[in-house]
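Data first, discussion second: the structure below is written as structure tokens.
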Amino acid sequence: MAYFGFHPCHIRDQLTTRARIAAAARRLILNQGYEGATIEAIAREAGVATPTVAVFGSKRRILSELIDRAAFGPAYQALVGEVKDLVDPVARLRLSARIARQVYDSERLEFDLLRKAGMVIPELAAIEHEKECGRYEGQASTITHPVNCLQDSMKKKQGTSSGH
């Protein structure tokens with residue numbers, strides 16, 4: 001069944017192509033540096049046409065995608081799956097802290113790897129700042145719900161203990 005004119009096979013192909021492009025860009029940056037990883041070189045490495053790589057918009061957006069892939073990969077997805085099943089707000093809060101740490105560690109490893117590849121450019125610093133702000137926003141929304149539940153629970157306990 002097609003969704004908004006897109007067949008599921010086409011969407012899967014697009015995601016696969018996007019992953020190939022990201023992997024090719026990462027290899028080129030690590031082996032040839034940021035300057036050597038031109039849009040044309042990335043396209044050749046990924047085995048796609050140059051306009052296909054241009055879908056990302058810029059090398060900066062490709063870098064951003066690399067960081068996101070590192071931060072929100074399988075380890076992150078597994079932890080998110082666990083938190084969805086939790087009802088206890090304390091357990092949710094603990095797992096939220098683990099998720100935040102997972103994202104931070106994964107991003108940090110990728111940034112360190114890119115820096116070791118000689119990539120000390122303003123774009124990388126800007127992406128790092130952008131990701132850090134996004135991480136803080138995500139943490140705030142993840143933590144708010146369990147904290148509110150804990151506060152409600154404490155209010156109920158105080159209400160029942162003061163009633164006796």
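Potential lengthening of the chain between ALA126 and GLN32 amounts to 31.7 nm, from the contour at 0.36 nm per residue minus the alpha-carbon distance. Taking label points 7 Å from Cα along the Cα-to-Cβ direction, ARG60 and VAL90 give a separation of 4.6 nm.
The modelled label-to-label distance for the pair TYR104/LEU150, using points 7 Å beyond Cα in the direction of Cβ, is 1.6 nm.
None of the figures in this text is laboratory data; all of them are computed from the coordinates on show. Remember, predicted model here, so these are calculated numbers, not experimental data. A quick note on method: Cβ atoms are made from the backbone with ideal geometry, for glycine too, and the neighbour counts reach across all protein chains shown.
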